[in-house]
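Worksheet for the structure shown next.
The values are calculated or read from the model by the stated rules, or taken from the named source; none is laboratory data. Note that the coordinates shown come from a computational prediction; the quantities given were computed from them, not determined experimentally. With ideal geometry, Cβ positions are generated from the backbone for all residues, glycine too; neighbour counts draw on all protein chains shown. Quick note on the areas: whole protein, heavy atoms, side chains included, nothing else; ligands and nucleic acids left out. Shrake-Rupley method; radii C 1.70, N 1.55, O 1.52, S 1.80 Å.
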Amino acid sequence: MSTEVLIEVQDLHKSFGVGKIHALNGISTSIRRGEVVCIIGPSGSGKSTFLRCLNLLEKPTSGKIIFEGNDLTDAKVNLNLHRQRMGMVFQQFNLFPNMTIMKNLTCAPMTLKKLSKADAEARALELLRRVGLADRASSYPYQLSGGQKQRVAIVRALCMQPDVMLFDEPTSALDPEMVGEVLDVMKELAAAGMTMAVVTHEMGFAREVASRVLFLDEGKIAASGTPDEIFNHPENERLKSFLAKVL
Amino acid sequence: MFEKLREEFVFNFIEGARWKYIVNGLGVTLKVTFLALLLGTAIGLVVASIRSSYDQNKEDLRPGLWKTLFKLLNGLCNLYLTIIRGTPVVVQLLIGYFIVFVSSNDTVLVATLVFGINSGAYITEIIRGGIMSVDKGQFEAGRSIGFNYLQTMRLVIIPQAFKNVLPSLANEFIALLKETAVCGYIGLMDLTKGGDVIRGRTFSAFMPLIVVALIYLLLVIIFSKLVGILERRLRRSEH
């Protein structure tokens, strides 16, 4: 892990409606290159909103997201360009059902990075092989199981060669027996040095893979530290009661 | 009885080569319908894109010239939809022929434009419904990978929306085909008018009108079959 800060979050606020629901209440943190940050917390604590603010799928009410030196909340910034370097994986996979797996993986690199079809397909096939799905290249998403879909979704993001990967509860929509295969891919990715921000309910994964764990409660970072500090020596009362429920 | 029908048929269509009214009329009907459908689909795509992108983006747009223009454009689209959907197509046809395009004698062109503009309003709402029916996650996936708004629409949303709206679009086509029967109002010799002219010449109503009705029916049945085939092919990537 280097000391280079990849994403800096400054005093992030997000409210939905006209000041009605305060999802985020002033979050400041930074994610360094190579770090795996797991974000845990009770439902409604703002975990997903926080993650979706990082690539501005959710527009912050106030505060700054500085990604590789550019303030993404600045209206003059070309967001599309920066999003190309932030891969995102969704709870519901969101593969494009009208395209084959190969087309899912190559359409963005070909359209946005002007890669030739051959280059894009070679890259996609290599990544598919690494997640064990090379034989499904010509299938359509509906022909795949949930776990396979999510592995493809991870590959789709990787095909753009992002600097950071954002995971929004990537295993929450999966049948239990498929959680492992997706987590394995994520572990491999972490081991390869990918910078990752992961919203998850998989405490085992957070404990094993995270370099830092953020515990969100009521739109604030209520506790933050290494997995050992968070899981083995929790000090925050809310964190203690949360862990008592999920572990 | 069959002998009687045969006599009627020969009298109405063969004598004086009156079948030509039917054949030529059918040609006009098909021409107006297809051209109007093309025009209507083009209008529908543009207006639906403006309407739905305005609805999706209005909160994110910064105040300024672009936002004002966008708002104005959206207002114009709404005006168009209101007027076209709020008045009978026959009245639009008459206004088109006697007021708007009064200098044109090309009735096929006038009818095509009027029916195209008319059906554009209905196709707009069909396509807009289709765009809104695509899961929001698809849009987010497209944007998060780095596509801009238009790329996301073109590569991800529209292809899925098209599949969803195909039955309604086919319905609109069938409605359009039958609606063109009123273009006799501006003196255009379409299928219906052709049959009616024969009735006027022979003073026999049954044969020409029933044949005209059967031809419309046959066209609609054939077209429905074709759409069915297309739908099955598109469903290959169904989840």
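How many percent of the alpha carbon pairs in the protein assembly as shown exceed a separation of 36 Å? Every Cα pair in the protein assembly as shown considered, those over 36 Å come to 47 percent. Beta-bridge orientation, the protein assembly as shown: approximately 55 percent antiparallel, per DSSP, counting only bridges with both partners inside.
Taking both sides together, the accessible area buried where A meets B is about 2100 Å² for a 1.4 Å probe.
To the nearest 10 degrees, how steep is helix A:101-112 against the longest Cα principal axis of chain A, on a 0 to 90 scale? Once rounded, one gets 80 degrees.
Remark: chain B carries a charge dipole of roughly 420 debye about the Cα centre, counting +1 on each Lys and Arg Cβ and -1 on each Asp and Glu Cβ.
Seen from all sides and averaged, what is the projected area of the convex hull of the Cα atoms in the range B:60-151, in nm²? Intermediate values should be presented prior to the final figure.
Numbers: hull surface 34.4 nm².
That works out to 8.6 nm².
Go ahead and estimate [θ] at 222 nm for chain B from helices alone: -39,500 (n - 2.57) per DSSP H run with n ≥ 4, summed, over the residue count, rounded to 500. Mean residue ellipticity, 222 nm, calculated: -25500 deg cm²/dmol.
Estimated at the nearest 10 Å², the accessible area of residue B:165 is 10 Å² with a 1.4 Å probe.
Using protein chains only and a probe of 1.4 angstrom, how many square angstrom of residue B:77 are accessible, to the nearest 10? The accessible area of residue B:77 comes to roughly 10 Å². Seen from all directions on average, the range B:149-239 presents a Cα convex hull projection of 8.3 nm².
Between amide H atoms placed 1.01 Å from N, distances below 5 Å from residue A:195 occur with A:34, A:165, all of them 5 or more places distant or on a separate chain. May I ask for the net charge around residue B:208, where only other residues with Cβ less than 12 Å from the Cβ of residue B:208 are counted and Lys, Arg are +1 while Asp, Glu are -1? Result for the neighbourhood of residue B:208: +2. In a DSSP loop and with at most 10 other Cβ atoms within 10 Å, the trypsin sites (Lys or Arg not before Pro) in the range A:63-156 are A:76, A:114. Farthest towards the positive end of the charge dipole of the range A:10-152, among the residues A:16, A:36, A:140, is the Cα of A:140, using unit charges on the Cβ of Lys, Arg, Asp and Glu.
Between residue A:64 and residue A:135, what FRET efficiency follows from the Cβ-Cβ distance if R0 is 35 Å, with the result rounded to 0.05?
Details: r = 45 Å, r/R0 = 1.28.
The pair residue A:64/residue A:135 has a calculated efficiency of 0.20.
Taken about its Cα centre, the range A:30-180 carries a charge dipole of about 360 debye when Lys and Arg each add +1 at the Cβ and Asp and Glu each add -1 at the Cβ. Note on surface exposure: B:66, B:19 rank B:66, B:19 by accessible area, highest first, 1.4 Å probe. Note that the range A:115-128 has calculated 3J(HN,Hα) couplings of 6, 6, 4, 4, 5, 4, 6, 5, 5, 4, 5, 4, 5, 4 Hz, one per residue in order, obtained from phi through the Karplus relation 6.51 cos²θ - 1.76 cosθ + 1.60 (θ = phi - 60°); glycine and proline are x. Within the full protein context, the accessible area of residue A:82 is estimated at about 20 Å² for a probe radius of 1.4 Å.
For the range B:2-237, the Kirkwood radius over C-alpha pairs fed into Stokes-Einstein at 37 °C and 0.692 mPa s yields D = 162 µm² per second.
Round to the nearest 0.05 the FRET efficiency obtained for residue B:68 and residue A:5 when R0 = 25 Å and r is the Cβ-Cβ distance.
Working: r = 40 Å, r/R0 = 1.58.
Between residue B:68 and residue A:5 the formula returns 0.05.
Short-range pairs are left out: with C-alpha atoms under 8 Å and at least six residues apart, the relative contact order of the range B:2-237 is 32 percent.
A simple rule links phi to the HN-Hα coupling: the Karplus curve 6.51 cos²θ - 1.76 cosθ + 1.60 with θ = phi - 60°, which for the range B:124-140 gives 3, 5, 5, 5, 4, x, x, 5, 6, 7, 6, 3, 4, x, 5, 5, 5 Hz, with x for Gly and Pro.
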